[in-house]
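Accompanying notes for the structure given below.
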Amino acid sequence: MKTALLIGATGLVGDYLLRQLLSDNRFSTIKVFTRRPTGYQNPEKLEEHLVDFDEPEMWQHHLTGDVLFSTLGTTLRQAGSQSAQYKVDYNYQYRAAEAAAQNGVVTYVLVSSASADPDAFVFYTRMKGELERSIKRLPFQRIRIVQPGMLTGNRREPRLAERIALPLAAMVAYIPGLAPFRPIHGREVAQAMINAALDEKLGVQTDTLEGVFKRASKRQ
């Protein structure tokens, strides 16, 4: 059985992922690194660390295990500025990944975005692409990057802009070539991340959810 590490456990995908990991007998220990309690109780499996992401040196020695799942993120509105959002979406995630790699964690799984591009004009798209590019340079044995479209599901903090944009995104997804941008439920993204983590092939794989599930079905 494996030890999973998780940052971003209180977000949409992170919450679904934590629930699935706690019920998955392939994982014996779940170490969660979070700014606030998750609200879940499981003394046998759950090891919760309340941390300050601005002071990684205080807790990064706990980043030991088999696989690090990274689902941390915020919105421009919640962060207040592009620099504040970049600190959460890029800096915090990269520093955790870097520490985990140095501690001998062999597998890293990141939920990114279908639009990620380090050379993009749009800030959000460029930020996601820059993170992917930096992560690929770290010495993990396995790096899995999952690129979903717009996320749906029950958020702890509802986002009005997403509720408005979802119907449009659903229609756009029927345009040839835009299927990867279709709305996807956070539960499916979480399951895809677990499937990706259990793929024993070495190296870097960047995929849509469809690609992850297709490979998982071939292994069964």
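Values in this text are rule-based calculations from the coordinates and carry no lab data. Computed from a predicted model, the values in this text were never measured in an experiment. All Cβ positions, glycine included, derive from the backbone under ideal geometry; neighbour counts span all protein chains shown.
How big is D, in µm² s⁻¹, for segment 98-143 by Stokes-Einstein at 37 °C and 0.692 mPa s if Rh is the Kirkwood radius over C-alpha pairs?
294
Once the convex hull of the C-alpha atoms of segment 15-60 is built, how many Å³ does it hold per residue, rounded to a whole number?
Per-residue hull volume (Cα only) is 78 Å³.
Please list, by residue number, everything in segment 1-29 whose backbone N is under 11 Å from a paramagnetic label point 7 Å out along Cα→Cβ of His49.
Inside the label zone: 5-7.
Rg and Dmax of segment 1-107, Cα atoms, in Å?
13.4, 41
Order these by the 10 Å Cβ neighbour count, fewest first: Leu46, Leu6.
By the 10 Å Cβ count, ascending: Leu46, Leu6.
Could you please report the charge total around Gly203, scoring K, R as +1 and D, E as -1 over all other residues with beta-carbon less than 12 angstrom from its beta-carbon?
Charge balance in the 12 Å sphere: +2.
Put a dot 7 Å past each Cα toward the Cβ at Val106 and Thr3; how far apart are the dots in nm?
That separation, rounded to one decimal, is 1.4 nm.
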